[in-house]
1. Can you spot the lysines whose alpha carbon is less than 27 Å from LYS90's alpha carbon? Ignore those fewer than 8 places along the same chain.
2. What are the trypsin sites (Lys or Arg not before Pro) within the range 91-151 that DSSP puts in a loop, where the Cβ has at most 12 other Cβ atoms within 10 Å?
3. Taking the Cα centre of the range 47-173 as origin, sum charge times position over the Cβ atoms of Lys and Arg (+1) and Asp and Glu (-1), and report the length of that vector in debye to the nearest 20.
4. Rounded to the nearest whole Å², what accessible area per residue is found for the chain with the 1.4 Å probe?
5. Give me the three principal axis extents of the chain from the C-alpha atoms, as integers in angstrom, largest value leading.
6. With unit charges on the beta carbon (Lys/Arg positive, Asp/Glu negative), name the residue among ALA172, LEU182, PRO162 whose Cα is farthest towards the positive pole of the charge dipole of the range 148-191.
7. At a 1.4 Å probe radius, which order do ASP99, ASP202 fall into by accessible area, largest first?
8. At 1.4 Å probe size, with the rest of the protein present, what percent of the exposed accessible area of the range 128-195 is carbon and sulfur atoms?
Amino acid sequence: MTENSASERLAALVAAMETARHDAPLAAESTTLLAVSKTQPPEQIEPLLAAGHRAFGENRVQEAQAKWPDLRARYPDLRLHLIGPLQTNKLRDALPLFDVIETLDRPKLAAAVAAARRQGNVGITRRFLIQINTGEEPQKAGVVPSDADDFIRYCRDTLELPVTGLMCIPPAVEDPAPHFALLREIALRHGLKELSMGMSGDFAAAIRFGSTEIRIGTALFGARGTT
Ligand SMILES: *Cc1c(COP(=O)(O)O)cnc(C)c1O
């Protein structure tokens with residue numbers, strides 16, 4: 001990794017995002033960069049906040065709980081997304097912490113979210129994305145594509161959850177393009193506007209397939225330690 005600061009890398013990424021939109025007829029009107037700050041201490045996050053960046057992603061509830069209340073107190077307009085799997089027993093901690101939960105991935109969790117909201121426990125979570133396991137990988141969270149239509153209808157129509165889009169993590173060793181295309185197709189069928197897809201290694205392809213949010217860790221903060 002270079003000596004560049006995170007805010008310099010952010011500027012370079014924004015430029016690369018612009019380049020990716022060129023001659024890309026499927027590109028969304030705009031794409032947000034979610035800074036994935038998992039494993040990063042607050043000292044690494046602060047410079048981005050100071051530079052005006054406001055959208056962040058974390059993949060563990062407990063880690064976010066330790067880091068983000070202090071940062072939010074100083075930057076009340078920041079937005080925090082949960083992008084890792086959510087255990088039902090962590091739901092009560094997650095709802096006051098995350099503005100967006102991107103990982104609705106099974107009926108039991110969705111029903112627990114709906115029950116909490118009915119009891120007035122909405123927290124700050126305004127909207128949800130459904131995670132689709134486009135590669136049908138057994139070790140990965142998300143609903144498989146063949147169950148996606150039913151699960152999306154269950155969340156939106158039966159439970160009346162504010163679901164606004166879909167999220168996926170393509171298999172590490174495959175061409176991600178067909179996975180992005182599939183996610184886009186499922187979202188279109190249901191009139192869902194948000195596509196959370198694309199990471200450090202494949203965000204340009206994701207943007208070309210209509211990503212509205214790329215989730216960037218390594219390209220912004222450098223390589224993570226082992227976790
Ligand atoms: C860690 C993580 C990212 C960021 O990955 P990089 O390759 O470091 O950009 C994106 N999405 C999810 C769900 C992650 O867990």
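The values are calculated or read from the model by the stated rules, or taken from the named source; none is laboratory data. The structure displayed is predicted, hence computed values, not measured ones. All Cβ positions, even for glycine, are placed from backbone atoms using ideal geometry, and neighbour counts span all protein chains on display. Just the protein is used for accessible areas: all its heavy atoms, side chains included, with ligands, DNA and RNA removed. Shrake-Rupley method; radii C 1.70, N 1.55, O 1.52, S 1.80 Å.
1. LYS38, LYS67, LYS108, LYS140
2. Values: sites: ARG92, LYS108, ARG117, ARG118, ARG126, ARG127, LYS140; in loops: ARG126, LYS140.
In loop regions of the range 91-151 (DSSP not H, G, I, E or B), there are no sparsely surrounded trypsin sites (Lys or Arg not before Pro).
3. Working: 17 positive and 15 negative charges, 100 e Å.
About 480 debye.
4. The answer is 47 Å² per residue.
5. Projected onto its principal axes, the Cα set of the chain covers 50, 41, 32 Å.
6. PRO162
7. Numbers: ASP99 10, ASP202 30 Å².
Largest accessible area first, the residues go ASP202, ASP99.
8. Carbon plus sulfur share of accessible area: 50 percent.
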